1. With the structure loaded, tell me whether Ala97 is closer than 25 Å to Gly170 by Cα and touching a Cys at 6+ places or on another chain (Cβ under 6 Å) or whether it fails that test.
2. Being among the acidic types (Asp, Glu), open to solvent by 20 Å² or more (accessible area, probe 1.4 Å), under 29 Å from Arg124 (Cα atoms) and at pLDDT 95 or above is the requirement here; does Asp204 meet it?
3. Please tell me if Ile219 is part of a helix (DSSP H, G or I) and either without any contact (Cβ under 8 Å) to a residue 40 or more places away in the chain or surrounded by 15 or more Cβ atoms within 10 Å (Cβ to Cβ) (or both).
4. Return the pairs, sorted by first residue and then second, in which the second residue is part of a strand (DSSP E or B), the first residue lies in the stretch 229-242 and is within 18 Å of Pro113 (Cβ to Cβ), the beta carbons are less than 7 Å apart, and the residues are 6+ apart or on different chains.
5. If the requirement is being of a type in the set (D, E, K, R), in a helix (DSSP H, G or I) and either under 18 Å from the mean Cα position of the chain (by Cα) or at pLDDT below 95 (or both), which of these qualifies: Arg193, Arg160, Arg180?
6. Run down Met244, Met232, Met198 and say which single residue is open to solvent by less than 70 Å² (accessible area, probe 1.4 Å), farther than 22 Å from Ala145 by Cβ, assigned to a helix (DSSP H, G or I) and not polar (S, T, N, Q).
7. Which count do you get for residues in the stretch 112-135 that are more than 16 Å from the chain's Cα centre (by Cα) and either open to solvent by less than 10 Å² (accessible area, probe 1.4 Å) or not charged (D, E, K, R) (or both)?
Amino acid sequence: MSTSPGPDRTPRAVGNTRRRLEIAAMAVLTVVAVTLGVLLFTGNDGGGGAESQTAASEGRGVTPGESGPLGELANREPGDPLALGAVDAPVTLVEFADYRCPFCAKFSRDIEPALIEKYVDSGRLRIEWRDMPIYGDESMLAARAARAAAEQGRFWEFNRALYAAAPDGGHPSMNVDKLRGFAEDAGVPDIGRFTAQMRSAEFDAAIAADSTQAQQLGIPAAPAFSINGNPMLGAQPTSEFTDMIDTLLDGQDGA
C-alpha cells in the first residue's frame, strides 16, 4: 500500500524552519524597536511638526540625576575630536546630523553657539557628534571629509565652516573641491592628506556605527538629539534646549 509522503522532518528541514522563525522574530522585534524609537522622538502621535515636537518636549518630565528613556548614549571618551566640553560634564547632548540637512545647519548657526557659551564653557554640558548621512552619497562624502579634518584637530572648525555656508533650505551639493574649500577655511594644515582620507573608506566603519545606532533608536529625521537620554527632534528654539538642560542641572550651583 502506497502512502503520500508526510512533512519533511529531517534535521536539515527542522533547522531551516527554526532559522526562518528566528529571522521572522528578529524582524518583528526590529519593527517594534524602531516604532518605539519613532514615538519617543516624535511624540505619541508620531507627528513631525515643530508644534508637536515642542509639546512633546514640555511633557517629557525630565528628572535631574536620571537618564531619560534613551539611556546613556554619550561615549565620554577623553580627547574625542568629535566632542566638545568636559568628559565629566553633568549633562551630555548627543547630536545625530547630516551635513546636507538645512535644520542641522540652523542648529549649528543659531543654537549651538548659545549652548556652548552658557553651558559648555562652564563645564556643565558636553556635546558629542554622531554621523547620520541620510541624503545620499554626497552626505557620506561630507561625513568622511569632517572626520578627515578631525584627524588634524579641526573637526569643529570644519563643521562650522560647512554649515555657515549652507542655504536656508534644500540639500546643498557636496563634492571634493567644495569640501576641500571648507577644509581650507577651517585651517586644516595638510590639505593633501585631508583629500586622500576624504576619498578613502578609512572612516566608513565609524560612520556606519553612528548610523546603525540612529536606526536602532528609531530616529526618523535629522537633526535629532539625546540630552541625558531624553529625546528631542529638530532644530527647536534655543529655549527648548536650555529649559531641558536647566532642569537636568537643577540643584547644582550656577545652574
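The values are calculated or read from the model by the stated rules, or taken from the named source; none is laboratory data. Just so you know, these numbers come straight off a predicted model, no measurement behind them. Positions of Cβ are generated from backbone atoms using ideal geometry, with glycine treated the same way; all protein chains shown enter the neighbour counts. The protein model used for the area step is the full one, side chains on, heavy atoms only, and it has no ligands, DNA or RNA in it. Shrake-Rupley method; radii C 1.70, N 1.55, O 1.52, S 1.80 Å.
1. Here the answer is yes, as Ala97 does meet what is asked.
2. Numbers: among the acidic types (Asp, Glu): yes; open to solvent by 20 Å² or more (accessible area, probe 1.4 Å): yes; under 29 Å from Arg124 (Cα atoms): no; at pLDDT 95 or above: yes.
Judged against the criteria, Asp204 is not a match.
3. Considered against the rule, which asks whether it is part of a helix (DSSP H, G or I) and either without any contact (Cβ under 8 Å) to a residue 40 or more places away in the chain or surrounded by 15 or more Cβ atoms within 10 Å (Cβ to Cβ) (or both), Ile219 comes out as no.
4. Met232/Phe225; Glu240/Met232
5. On the way: Arg193 fails: either under 18 Å from the mean Cα position of the chain (by Cα) or at pLDDT below 95 (or both); Arg180 fails: either under 18 Å from the mean Cα position of the chain (by Cα) or at pLDDT below 95 (or both).
That would be Arg160, the only listed residue that is of a type in the set (D, E, K, R), in a helix (DSSP H, G or I) and either under 18 Å from the mean Cα position of the chain (by Cα) or at pLDDT below 95 (or both).
6. Going through Met244, Met232, Met198 in turn, just one is open to solvent by less than 70 Å² (accessible area, probe 1.4 Å), farther than 22 Å from Ala145 by Cβ, assigned to a helix (DSSP H, G or I) and not polar (S, T, N, Q): Met244.
7. 9
Listed here are the residues, each with its yes/no results for (1) small (Gly, Ala, Ser); (2) closer than 30 Å to Glu72 by Cβ; (3) out of contact with any Lys or Arg (no Cβ under 6 Å at 6 or more places or on another chain); (4) touching a residue at least 40 places away in the same chain (Cβ under 8 Å).
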{"site": "Gly136", "(1), (2), (3), (4)": "yes, no, yes, no"}
{"site": "Ala166", "(1), (2), (3), (4)": "yes, no, yes, yes"}
{"site": "His171", "(1), (2), (3), (4)": "no, no, no, yes"}
{"site": "Ala183", "(1), (2), (3), (4)": "yes, no, yes, no"}
{"site": "Ala186", "(1), (2), (3), (4)": "yes, no, no, no"}
{"site": "Met198", "(1), (2), (3), (4)": "no, no, no, yes"}
{"site": "Glu202", "(1), (2), (3), (4)": "no, yes, yes, yes"}
{"site": "Ala209", "(1), (2), (3), (4)": "yes, yes, yes, no"}
